[in-house]
Each structure stands twice: as structure tokens, then as C-alpha cells.
Amino acid sequence: MKKDRNKNGSGKKSGKGLKIAGAVLIVFIPVQLFVMGWFGGLGPFKGMKDVRMGKHPGNAPEYDFDKISALENSPLAGKQVCMLGSSVVYGSASGENAVGEYLSARLGFDLTKEAVSGTTLVDIGEKSYISRLKNRIDPNTDFDLFICQLSTNDATGKRPLGKISGSTSLEEFDTSTVTGALEYIICYAQQTWGCPVVFFTGSRYDSIAYEAMVERLTELKDKYDICVLDLWHSDTFNDLTEEQRKIYMVDNIHPSKAGYRDWWGPELEKQLLAYLNREEEK
């Protein structure tokens with residue numbers, strides 16, 4: 001009988017433990033989903049991030065892109081431009097108004113944007129840059145320019161930098177490394193569309209890994225004769241007051257609408273036009 005009482009007591013304790021665990025899960029899961037939506041734009045609370053971003057001072061209506069005036073005699077007017085990237089190209093912190101939309105409004109080109117937040121250059125899944133490049137962008141479109149963002153996600157995820165290949169063959173690049181992925185993207189775009197290839201960096205932030213990626217991209221510029229729109233190295237460009245930074249940046253990586261429209265955009269436009277003018281003079 002004593003043995004039976006112990007069994008019954010144990011069962012009661014187990015049942016109580018299960019009830020407590022269930023109650024914790026009932027509370028934890030909605031909270032977790034809310035946090036994912038509020039901060040990451042994920043899950044059923046995805047709209048919460050849009051609300052949060054909309055309250056950022058740099059996303060105020062006064063910075064809307066419909067106030068951007070077109071450049072007269074743009075060398076890209078009526079051209080087809082493809083842009084590949086992650087959250088910075090997507091505009092995850094700026095209501096999906098980002099680099100492509102700014103440059104398209106200013107320079108008058110037709111934009112094909114392929115952007116997914118949180119994705120890497122390194123080929124680690126169907127949403128990586130390389131997979132989307134091959135599977136989501138029409139190889140038969142007659143692009144006049146291909147633009148690619150140097151993703152910060154590879155630096156954040158500590159993806160290996162790798163080494164520059166001695167080849168220009170797609171099959172020989174180690175796309176599990178940042179360098180191999182960069183070389184693959186460059187060669188694929190050049191071989192598929194035969195158009196100029198342009199990369200752009202982010203503005204400066206505290207990341208040794210991303211700085212190494214910028215330096216590696218600069219090396220590849222010479223090997224493949226590509227253009228690099230460099231927001232990283234300029235001390236003048238990166239010299240913001242604290243008040244400006246609060247308006248222009250939502251965090252260390254992602255600009256607001258104001259950041260794209262009044263900071264990144266004009267500098268990228270200036271460097272891109274200088275490159276196109278040099279190409280025209282050749």
C-alpha cells in the first residue's frame with residue numbers, strides 16, 4: 001500500500017508539472033512571436049515592425065520618396081537595371097523604400113529588385129544571393145546594369161572570407177566563402193547579361209569582419225573590372241553628428257527613408273554617375 005501511495009503521489013506531481021509547463025508555453029509562445037514581429041518583422045505579428053519603423057523620425061512623411069526629383073539627361077533613363085541584396089536593398093527599416101527606389105526615381109531606370117532580408121552572399125540555402133540570382137532573376141532580360149549589395153549578414157554570421165581564385169570559371173569558385181560567392185556573382189552577371197557590374201558597400205560601423213569584406217571587394221574590383229560604390233572608406237561621408245545619425249539610421253546597418261534619400265542615395269548616385277561617365281569616355 002505504501003508503494004501505491006508513492007506512485008499516486010508521483011503521478012500527481014508529474015501532472016502538476018505538465019500543467020505548469022503548458023501554462024508557461026501558452027504565455028511564452030505569443031510573447032516570442034510578438035518579439036519576432038516587433039523586432040524582426042517575422043511571424044503573425046509582422047505588421048508590428050512596420051508600426052515601429054513608421055514611428056522612427058527618419059521615416060516621417062516629409063522624407064517620402066515621391067518628393068524626389070528626377071535628374072535631367074540621366075544616362076540611365078529608360079534603361080533596365082537589376083539590383084540584388086538583402087534587407088538594405090529591401091528597405092526593411094524604411095517601408096521598402098531603399099537604394100533601388102531612390103536611384104530609380106533620380107535616374108529614371110526600370111528597376112528589377114531581388115531582395116530578401118537576412119540573406120548572405122555565401123550560398124547556404126535557397127534564399128542566398130547565389131540561389132536567388134540563378135533561380136529568381138530572368139537570364140533572358142536585357143539588363144543594362146547589374147547592382148549588388150555587399151551584405152552585412154555574412155559578417156554578422158561570421159562566414160569565412162576565403163581566398164581569391166586563380167580562375168574565372170563558375171564551377172571552380174568556393175561559394176561557401178564570401179570571396180568565392182562574390183566571384184561567382186560577378187562572373188555570372190557578366191556572362192549572363194554582358195553588362196557592367198556594380199557593388200555598393202554599407203556605411204561604416206563597428207565590424208572588423210565587414211571591413212575585411214570591403215577590402216576583399218576592392219581587390220576583386222581590379223581582377224574583374226567592376227565598379228565599387230564605396231560608402232565605407234570616406235571619413236567625410238561618415239562624419240555625422242549624433243542628431244543626423246538618429247534621423248538617418250535606424251540601427252548601425254539600416255538607413256531610414258531620410259538616410260537613403262538624403263545621405264546614402266546622393267553619395268551612391270554621385271559615385272555611380274562618375275563611373276558611368278568614365279565608361280562613356282573609354
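A few remarks follow.
- For segment 87-109, the criterion of being among the aliphatic types (A, V, I, L, M) and in a strand (DSSP E or B) is met by none of the residues.
- Boolean, Ser165 is farther than 27 Å from Glu101 by Cα, surrounded by fewer than 22 Cβ atoms within 10 Å (Cβ to Cβ) and either in contact with a Gly (Cβ under 6 Å, 6 or more places away or on another chain) or among the small types (Gly, Ala, Ser) (or both): yes
- Among the numbered conditions (1) assigned to a loop (DSSP other than H, G, I, E, B); (2) crowded, with 18+ Cβ neighbours inside 10 Å, the only one that Lys113 does not meet is (1).
- Any hit, segment 248-259, residues being polar (S, T, N, Q) and assigned to a helix (DSSP H, G or I): no
- Residue in segment 218-240 that is within 22 Å of Asn97 (Cβ to Cβ), touching a Pro at 6+ places or on another chain (Cβ under 6 Å) and touching a residue at least 40 places away in the same chain (Cβ under 8 Å) present: no
- Of all residues making up segment 156-206, the number that are among the basic types (Lys, Arg) and within 15 Å of Glu219 (Cα to Cα): 1
- Entirely in segment 130-244, the strands (runs of 3 or more DSSP E) that have 3 or more residues that are not aliphatic (A, V, I, L, M): 145-149
- Where Ala181 falls short, out of the listed (1) crowded, with 22+ Cβ neighbours inside 10 Å; (2) free of Cβ contacts under 8 Å to residues at least 24 places away in the same chain; (3) of a type in the set (A, V, I, L, M, F, W, C): (2)
- Residue in segment 194-215 that is over 23 Å from Leu145 (Cβ atoms), assigned by TED's automatic domain parsing to the domain that holds Gly259 and of a type in the set (S, T, N, Q) present: yes
- Here Ser94, Ser131 are screened, and the one residue that is free of Cβ contacts under 8 Å to residues at least 24 places away in the same chain and hydroxyl-bearing (Ser, Thr, Tyr) is Ser131.
The values are calculated or read from the model by the stated rules, or taken from the named source; none is laboratory data. Predicted model only: the values in this text are computed from it and were never measured. Positions of Cβ are generated from backbone atoms using ideal geometry, with glycine treated the same way; all protein chains shown enter the neighbour counts.
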